[in-house]
Amino acid sequence: MTQRQPISTGSEWNFELLQAYDQAIGRLAAEYRLDTYPNQIEVISSEQMMDAYAAIGMPVGYHHWSFGKHFMSVEQAYRRGQMGLAYELVINSNPCIAYLMEENTITMQALVIAHACYGHNSFFKNNYLFKTWTDAEGIIDYLVFARQYITECEERHGVDEVERLLDACHALQSHGVDRYKRPRPLSAHEERERQQEREALLQQQVNDLWRTVPTSLEANADQAMARFPLEPQENLLYFVEKHAPLLEPWQREVVRIVRKIAQYFYPQRQTQVMNEGWATFWHYTLMNRLYDEGLVTDGFIMEFLQSHTSVVHQLPYDHPGYNGINPYALGFAMFTDLKRICEDPTEEDRLWFPDIAGSDWLDTLHFAMQNFKDDSFIQQFLSPHLMREFHLFSMLDDDQQSELEVTAIHDDQGYHYIRNALAQQYSLSLKEPDIQIWDTDLRGGRSLTLRHQRQSRRGLDREATEVLRHLHALWGFPIVLETWEGDHCIAKMKWPDVSDAA
Amino acid sequence: MSYFIDRRPNGRNKSAVNRQRFLRRYRDHIRKSVDQAVRKRSITDMERGEEVSIPTRDIHEPTFHHSQSGRREGVLPGNKAFHQGDRIARPQGGGSGSGGQGQASPDGEGMDEFVFSLTRDEFMEFLFEGLELPNLVKNDLGSAEETRPIHGGIVREGTPSRLHVVRSMRSAYARRLAMGASVRRELKACEAERDALLAQPAGLQDTQQLAALESTIEQLRQRLKKVPFLDTEDLRYRHLKHEPVPSTKAVMVCIMDVSGSMTEQHKDIAKRFFLLLYLFLERNYDKVDLVFIRHHTSAREVDEEEFFYSRETGGTIVSSALKMASNIIEARYPPAQWNIYLAQASDGDNWDDDSDVCVQWLTQKLLPKSRYYAYVEITPHAHQALWEAYETVQSRFPERFAMRQIVEAGDIFPVFRDLFKKTTA
């Protein structure tokens with residue numbers, strides 16, 4: 001047995017100890033080729049953690065009542081002991097900002113450093129979604145710019161006016177992202193410089209579009225046939241920003257800010273399982289390495305294991321506390337399983353994963369982390385072994401039938417089916433209703449037509465009218481929402497004057 | 001490469017603005033809760049904030065969602081006994097949700113009220129929004145004769161308990177230096193002379209002169225010794241000046257009619273009115289005393305419990321209470337030290353010829369001494385003699401005397417606001 005020379009023995013932490021642990025963890029992480037942004041580790045109190053929560057992880061946020069609401073519900077739940085605060089919060093920026101809570105023990109701090117500063121951090125830096133869609137360099141500057149801009153707007157146009165605008169934008173936030181097109185990277189410097197220019201230009205474009213001076217008849221005839229936009233537009237906020245007839249330039253800028261921030265968070269929403277799984281896998285591996293090298297005590301590793309096990313625990317569906325599939329549990333299990341398939345494949349694994357069974361596990365894990373998002377990751381790497389371990393089964397809930405049906409379980413006939421179903425469950429484009437801008441009545445009432453492509457008879461819930469009201473506030477003219485299934489228009493919803501024509 | 005930053009000193013109220021925004025947006029809801037809370041609480045039980053709940057649907061932020069309809073499929077963990085093709089009765093609440101979000105349930109299921117706490121200050125803020133004490137009170141505050149001792153420098157006379165040791169010792173040292181200076185100078189000279197003599201060869205010494213010098217030196221030493229170490233005139237004392245300050249004490253005299261005609265409901269309304277007044281005064285004064293006087297044909301001073309909850313019946317003589325109030329004020333609350341507020345609640349009933357007596361008591365005894373007199377009449381009926389009599393009082397003391405009618409509980413707050421609304425602006 002190796003001689004133990006632990007970095008620390010007590011449970012208290014101080015900055016020297018944090019540094020020592022960070023160095024040890026960093027050295028090991030480098031051995032595993034974890035490529036990270038520099039870390040900026042900030043120690044904060046629990047109140048500050050609640051603040052950070054409330055700003056949905058933005059270190060600098062503009063002011064809005066909804067963040068206040070969020071803060072108050074977190075505070076209330078925390079005070080009553082209904083929920084503990086997360087041990088950490090990490091921000092996709094360069095340097096990568098991670099928060100440590102002051103009341104954590106040194107074990108927890110080390111765990112968080114491994115999890116956030118090396119796990120999440122390397123994921124942010126290397127996963128293709130983050131690489132293409134977010135700009136870690138610019139985000140903090142952009143958020144500062146956004147807050148300043150919105151504060152200025154409040155001063156100039158009144159808090160109420162700005163609040164109404166933000167409410168409307170937030171309602172459309174989840175439909176304010178480009179899903180397939182790569183956006184121009186954010187840069188606060190550029191933003192500021194070009195903003196004036198953009199304002200003028202934008203207004204001019206809008207004016208062109210809504211020109212009321214009659215043009216020649218031929219041109220008119222052409223226009224009558226064409227829809228605008230020519231292709232349906234999935235990014236509702238983008239369309240509003242560019243083409244809403246009545247918005248002031250500053251309003252367009254605010255729409256743009258909300259849209260940009262939504263876009264920044266979009267990759268995180270698509271990689272929950274992977275991101276948490278990756279970070280959890282690495283904190284587990286790194287902590288165990290620390291123990292193997294004799295750098296931590298038995299007490300330390302016991303405390304760590306206790307915490308780790310509760311994080312990756314998956315409750316069964318019939319447990320009263322069941323709250324969906326735990327992304328930490330699934331992600332951690334998948335990465336661990338992937339390593340197992342590489343190192344110690346069974347016959348079944350060779351059949352299911354011929355190209356990775358027996359390959360170098362570290363290469364494979366890095367490859368998986370870099371090139372997938374939740375749905376494709378599951379589609380590609382969920383093994384029958386894991387499906388059995390989780391006892392996965394799929395359940396069909398059809399409102400035309402009186403009973404639920406078990407469509408597949410973890411057996412030979414079911415593996416493919418379950419893997420598909422689970423992947424779909426994580427696909428944001430299926431989870432969120434498919435609503436796109438279809439047409440604008442350029443020459444008449446200027447009404448805006450949205451098209452909801454319905455799948456499997458899954459309609460919109462009642463809130464949709466509320467959202468339409470918000471969209472109407474932005475657009476300024478009537479909104480029509482058509483629901484289509486296949487080639488048939490099934491329902492129309494209008495705002496103002498709500499009347500369902502089935 | 002990692003950097004560590006200690007952010008703990010940075011202050012924690014980053015969300016304060018957002019919290020204010022939230023409170024601002026939901027003013028109406030919160031005010032309603034505050035009003036309700038006022039109904040439930042005891043007069044003196046206001047040392048806390050209030051839990052406010054707002055229906056979740058009112059603060060919900062809408063987005064496009066799928067409804068529960070249609071064909072939905074979900075994957076769940078923890079299968080125990082199911083086989084492919086099994087059919088199961090649909091459980092209550094809509095079956096297999098795929099609600100894997102970690103956030104506080106956005107579907108709003110299971111949580112239909114958003115509950116949060118107002119701090120005490122925020123609570124009061126909402127309660128007394130836009131109110132202020134009648135102007136005259138502020139003007140008069142300066143003339144109140146209350147004094148407060150304040151530090152007034154160092155003086156030579158005082159009581160031993162206020163002795164300033166350091167300053168006393170310092171002046172003693174100075175005096176000792178001054179008084180001994182000439183003697184010491186002489187002593188030095190003599191000693192030098194003596195030393196010079198002693199330095200001469202033994203045979204040449206003038207022994208007579210030497211002896212004279214020795215005795216002078218001895219005398220001088222004695223004189224130095226007699227300079228007292230500490231003298232009475234060295235003593236210094238910390239001085240206290242008495243500076244007049246505006247009185248920060250107030251007494252609130254609550255007068256309520258408990259005759260047979262006052263029902264429980266009337267009393268409840270009166271209680272809430274008193275409660276509001278008490279809270280309001282408490283915000284403006286350090287100390288607020290309460291005096292409860294209840295009356296039917298005769299008046300009695302009682303404690304809060306009895307004031308609001310015990311029952312009595314009989315006729316009504318209002319002047320008995322006014323007389324009692326006047327006596328109490330005279331005995332216990334000199335107007336120079338106390339800001340006196342009176343609040344009277346009644347249903348307007350009074351003995352026929354008593355109303356004129358009331359006017360006498362008010363105009364001659366009570367109003368000249370008090371800051372404000374608020375009379376609320378809790379009745380849906382037409383006014384009686386008392387109201388008319390009081391109207392004459394009001395016309396004579398329009399600044400200090402206010403009267404309003406309350407018909408039902410809902411009127412209390414508006415009437416209260418009306419009585420104390422900001423007169424400036």
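The values are calculated or read from the model by the stated rules, or taken from the named source; none is laboratory data. All values reported here derive from a predicted model rather than from experimental measurement. Positions of Cβ are backbone-derived with ideal geometry, glycine not excepted, and every protein chain shown enters the neighbour counts.
For the range A:370-384, the candidate set comprises residues that are surrounded by fewer than 18 Cβ atoms within 10 Å (Cβ to Cβ) and free of Cβ contacts under 8 Å to residues at least 60 places away in the same chain; within that set, the residue that is nearest to the other protein chains (Cβ to nearest Cβ) is A:379. Considering only residues that are outside any helix (DSSP H, G or I) and modelled with pLDDT under 90, look in the range A:15-56 and name the one that is farthest from the other protein chains (Cβ to nearest Cβ). Looking at residues that are outside any helix (DSSP H, G or I) and modelled with pLDDT under 90, I get A:56. Could you please give the count of residues in the range B:330-339 that are in contact with a Lys or Arg (Cβ under 6 Å, 6 or more places away or on another chain) and either crowded, with 21+ Cβ neighbours inside 10 Å or without any contact (Cβ under 8 Å) to a residue 24 or more places away in the chain (or both)? Residues meeting the conditions: 2. The set of residues from the range A:406-419 being crowded, with 18+ Cβ neighbours inside 10 Å and either within 25 Å of the chain's Cα centre (by Cα) or within 7 Å of another protein chain (Cβ to nearest Cβ) (or both) comprises A:406, A:407, A:408, A:409, A:410, A:414, A:418, A:419. Checking residue A:106 against (1) surrounded by 23 or more Cβ atoms within 10 Å (Cβ to Cβ); (2) of a type in the set (A, V, I, L, M, F, W, C); (3) within 25 Å of residue A:32 (Cβ to Cβ), which test does it fail? Among (1) surrounded by 23 or more Cβ atoms within 10 Å (Cβ to Cβ); (2) of a type in the set (A, V, I, L, M, F, W, C); (3) within 25 Å of residue A:32 (Cβ to Cβ), residue A:106 violates only (1).
Residue-wise test of (1) in a loop (DSSP other than H, G, I, E, B); (2) crowded, with 19+ Cβ neighbours inside 10 Å; (3) out of contact with any strand residue (DSSP E or B) (no Cβ under 7 Å at 6 or more places or on another chain); (4) not polar (S, T, N, Q).
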{"residue": "A:305", "(1), (2), (3), (4)": "no, no, yes, yes"}
{"residue": "A:309", "(1), (2), (3), (4)": "no, no, yes, no"}
{"residue": "A:316", "(1), (2), (3), (4)": "yes, no, yes, yes"}
{"residue": "A:330", "(1), (2), (3), (4)": "no, yes, yes, yes"}
{"residue": "A:339", "(1), (2), (3), (4)": "no, no, yes, yes"}
{"residue": "A:351", "(1), (2), (3), (4)": "no, no, yes, yes"}
{"residue": "A:354", "(1), (2), (3), (4)": "yes, no, yes, yes"}
{"residue": "A:358", "(1), (2), (3), (4)": "yes, no, yes, yes"}
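Counting the residues of the range B:260-295 that are buried (at least 17 other Cβ atoms within 10 Å of the Cβ) and assigned to a loop (DSSP other than H, G, I, E, B) gives 3. With respect to residue A:358, is the statement that it is small (Gly, Ala, Ser) and under 30 Å from residue A:176 (Cβ atoms) true? Judged against the criteria, residue A:358 is not a match. Restricting attention to the range B:329-366, the residues that are more than 25 Å from residue B:412 (Cα to Cα) and outside any helix (DSSP H, G or I) total 9. Just one of (1) in a helix (DSSP H, G or I); (2) of a type in the set (A, V, I, L, M); (3) buried (at least 19 other Cβ atoms within 10 Å of the Cβ) fails for residue A:247. It is (1). Within the range B:296-322, the residues that satisfy the criterion of being surrounded by fewer than 20 Cβ atoms within 10 Å (Cβ to Cβ) and assigned to a helix (DSSP H, G or I) are B:304, B:305, B:306, B:309. If you check A:357, A:329, A:333 for being within 10 Å of chain B (Cβ to nearest Cβ), closer than 22 Å to residue A:411 by Cα, touching a residue at least 12 places away in the same chain (Cβ under 8 Å) and hydrophobic (A, V, I, L, M, F, W, C), only one passes: A:329.
Against the numbered list (1) surrounded by fewer than 18 Cβ atoms within 10 Å (Cβ to Cβ); (2) in contact (Cβ under 8 Å) with a residue 60 or more places away in the chain; (3) not β-branched (Val, Ile, Thr), residue B:365 comes up short only at (2). Checking each residue in the range B:236-282 for being charged (D, E, K, R) and touching a residue at least 12 places away in the same chain (Cβ under 8 Å) picks out B:236, B:238, B:241, B:243, B:249, B:257, B:267, B:268, B:271, B:272, B:282.
Against the criterion of being touching a Cys at 6+ places or on another chain (Cβ under 8 Å), over 30 Å from residue A:160 (Cβ atoms) and part of a strand (DSSP E or B), residue A:483 qualifies. Looking at the range A:60-165, the helices (runs of 4 or more DSSP H) lying wholly inside it that each contain 2 or more residues that are out of contact with any strand residue (DSSP E or B) (no Cβ under 9 Å at 6 or more places or on another chain) and small (Gly, Ala, Ser) sit at A:65-79. The residue list A:430, A:422 contains one member that is touching a residue at least 40 places away in the same chain (Cβ under 8 Å), crowded, with 16+ Cβ neighbours inside 10 Å and within 11 Å of chain B (Cβ to nearest Cβ), which is A:422.
Looking only at residues of the range B:61-93 that are in contact (Cβ under 8 Å) with a residue 12 or more places away in the chain and more than 7 Å from every other protein chain (Cβ to nearest Cβ), we find that the one that is farthest from residue A:450 (Cα to Cα) is B:93. For the range A:433-448, filtered to residues that are more than 30 Å from residue B:76 (Cα to Cα) and hydrophobic (A, V, I, L, M, F, W, C), the residue that is farthest from the other protein chains (Cβ to nearest Cβ) is A:442.
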